[in-house]
Amino acid sequence: MENTKNKKGIAQKFLNGIEIAGNKLPDPFILFAALAILVIIVSAIFNMFGATVIHPGTGEELQVKSLASGEGLQFILTSMLDNFTGFAPLGLVLSMMLGIGLAEKVGMLDYAIKKTILKSPPALITYTVIFVGIMGNIASDAAMVLVPPLAAMVFYKVGRNPIAGLVAGYAAAGAGFTANLLIAGTDALLAGISTEAAQIVNEDIVVTPVDNWYFNIVSVFVLTVVGGLVTNKFIEPRLGEYKGEEVEEAVAEDPLKAGKALRNAVIAGGVYWAIILVTIFLPDSPLRNKEGGIIPSPFLDGIVPIILFFFITIGVTYGITVGNIKTSKDVGKFMAESMKDMSSYIVLIFAIAQFIAYFSWSNIATWVAVNGAEVLKDIEFTGIGLIIGYIIFTALLNFLITSGSAKWALEAPVFVPMFMQLGYHPAFTQVAYRVADSSTNIVTPLMPYMVIALSFMQKYDKKAGIGTFISLMLPYSVCFLLTWIVLILIFFFLGIPFGPGIDPFL
């Protein structure tokens, strides 16, 4: 009994320590503003000592330039707006969210998620919840709020423990965040940051939103099975039969014609993609390359606008049918509302763009990449073990910095160029980052949605606390992380592309 108490005490102290340390970190905007100032100071010190580096692409000797010099001050002032407006993720993500946001604001995404879970066959309820939770990231963080209570309600109505449904829904939406059958806003956001980081070393390299697509598609089905097994074989038996107070479950009424609207949206989406496919396979199609192939091609280069118009098509169709869109002005109104939700992201991007620009202009990024790669070569730590080590590092860092975009903006300028020097494709490094970041989302006390999910749980168990919640999330987190590492190894050793034309090596 004493040992158990001691273990609980140690675990609680560990979690408390993480929470205290994480809470002491500044807001992401202030964090990157501080990092930009730090780069200015470090660049001056490096320049003072005459630090130089041989550019791996051109062979030119580069001196680390001081941002605290007259030349540096000119760069800071004259490039600030271009750094912001020319930052690749800004246009990519805002364009994607115009379409996805429209579909969300008219109510289509919420309705589709709810109906998929509520109408799933009893034998497939667990796997449906996991699948929908994973796919829910197309609506960004909204799935972490929407899916868990719906899953709990469905489990309760069929006589199963509602807490098992709730934790399964939250685990899938949080830990499976990076996987999807569709190209989501996350793909555009991370690809843009990866491109900015890769071009520190090679200006010709571009990471596109589809570069991790094949891996993401496989991940959806693999994680659905793993998540379902964890729920059925471990979580539900551990919780046992639900013996709490009877809970009255209320389901909000669906809008009139919502079912018809969703059907029409599916039809419109099918017609849209049929037109795209016909265009691709036309003789001398403008969407194929000169050799008639797809990899690379204008189709892949233009995938973001193509997906944007897809979501506009289905969003407008649903909105008109259900009555939320009555005039053309409503389309612009809903798009504007979706942009309001992106305001904090836009503010953050301003600071991130300056940090990366300063890091690159000063040549510190190149110096770190080249010298870091040399150290790894000297200690012979350059194989797949390095990638696994990086995954574990990022998974642990997620306990302190929960924002996926902020963390990748912090890591990418260092690790992408460094791993490129070791021969790894930036899209492969991005895959390693994504699986690590997603897996531990659900066990860090700093994740704001954890408090919301915990409040849902306390509806069924008033004594449940954050320790209860994390103990139920940990099996999902560990199993998802281990599964993803195995999946990366399978793709790596069998030579399976991670996306169209994307192998682990450059």
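The values are calculated or read from the model by the stated rules, or taken from the named source; none is laboratory data. In this text the structure is predicted, and so the values were computed from the model without any measurement. Neighbour counts are summed over all protein chains in view; Cβ atoms, including those assigned to glycine, are modelled from backbone coordinates with ideal geometry. Accessible surface is based on the protein model in full, side chains and every heavy atom, while ligands, DNA and RNA are left aside. Shrake-Rupley method; radii C 1.70, N 1.55, O 1.52, S 1.80 Å.
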Inset, instruction - Rounded to the nearest Å, what's the spacing between the alpha carbon centres of the range 25-93 and the range 164-226? Just the number, please. - result: 28
Legend entry - Relative contact order [Cα under 8 Å, 6+ residues apart], the range 261-417, whole percent: 20
Legend entry - Given charges at beta-carbon only (K, R positive; D, E negative), |dipole| of the chain in Debye: 1660
Inset, instruction - Run the accessible area of the range 194-345 with a 1.4 Å probe and give the carbon-and-sulfur part as a rounded percent. - result: 63
Legend entry - Solvent-accessible area, 1.4 Å probe, carbon plus sulfur percent, for the range 82-193: 64
Legend entry - Length added when fully stretched, Ile45-Val278, from 0.36 nm per residue minus Cα-Cα: 78.0 nm
Inset, instruction - Report the label-to-label distance for Phe309 and Leu494 in nanometres (one decimal), using points 7 Å from each Cα along the Cα→Cβ vector. - result: 3.5
Inset, instruction - Mind checking the range 314-421 for trypsin sites (Lys or Arg not before Pro) that DSSP puts in a loop (not H, G, I, E or B) and that have at most 12 other Cβ atoms within 10 Å? - result: Lys326
Legend entry - Gain upon complete extension [Val451, Thr468; 0.36 nm per residue less C-alpha separation]: 4.9 nm
Inset, instruction - Take every Cα pair under 8 Å in the chain that's 6+ residues apart, average their separations, divide by the length, and report that relative contact order as a whole percent. - result: 24
Inset, instruction - Enter the accessible area of Thr321 (Å², nearest 10), with the probe set to 1.4 Å and all protein chains included. - result: 30
Inset, instruction - Would you work out the relative contact order for the range 30-129, in percent, from Cα pairs under 8 angstrom that are 6 or more residues apart? - result: 15
Legend entry - Linear extension gain, Phe221 paired with Ser285, 0.36 nm per residue minus alpha-carbon span: 19.8 nm
Legend entry - Computed label-point distance, nm, for sites Arg263 and Lys340 using a 7 Å Cα→Cβ extension: 3.4
Legend entry - Listed residues Asp204, Asp503 arranged by accessible area, highest first, probe 1.4 Å: Asp204, Asp503
Legend entry - Residues in the range 215-246 that a label on Ala123 would reach, taking backbone N under 18 Å of a point 7 Å out along Cα→Cβ: 225, 228-229, 232-233
Inset, instruction - Pull up the cross-link candidates among the lysines for Lys462, meaning alpha carbon to alpha carbon under 21 Å and not fewer than 8 places away within one chain. - result: Lys8, Lys157, Lys243
Inset, instruction - Enter the accessible area per residue of the range 275-424 (Å², integer; probe 1.4 Å; all protein chains in place). - result: 44
Inset, instruction - Quantify, in whole percent, the carbon and sulfur part of the accessible surface of the range 417-494 (1.4 Å probe; protein heavy atoms only). - result: 72
Legend entry - Accessible area, probe 1.4 Å, largest first, for residues Ile490, Ile267: Ile267, Ile490
Legend entry - 222 nm mean residue ellipticity, helices alone, for the chain (DSSP H n ≥ 4; -39,500 (n - 2.57); rounded to 500): -22500 deg cm²/dmol
Legend entry - Sparsely packed trypsin sites (Lys or Arg not before Pro) within the range 82-127, loop by DSSP, other Cβ within 10 Å at most 15: Lys119
Inset, instruction - Taking all protein chains together and a probe of 1.4 Å, list Glu411, Glu245 from the most accessible to the least accessible. - result: Glu245, Glu411
Legend entry - Spin-label pair Lys326/Ser69, simplified geometry with 7 Å Cα→Cβ offset, distance in nm: 6.4
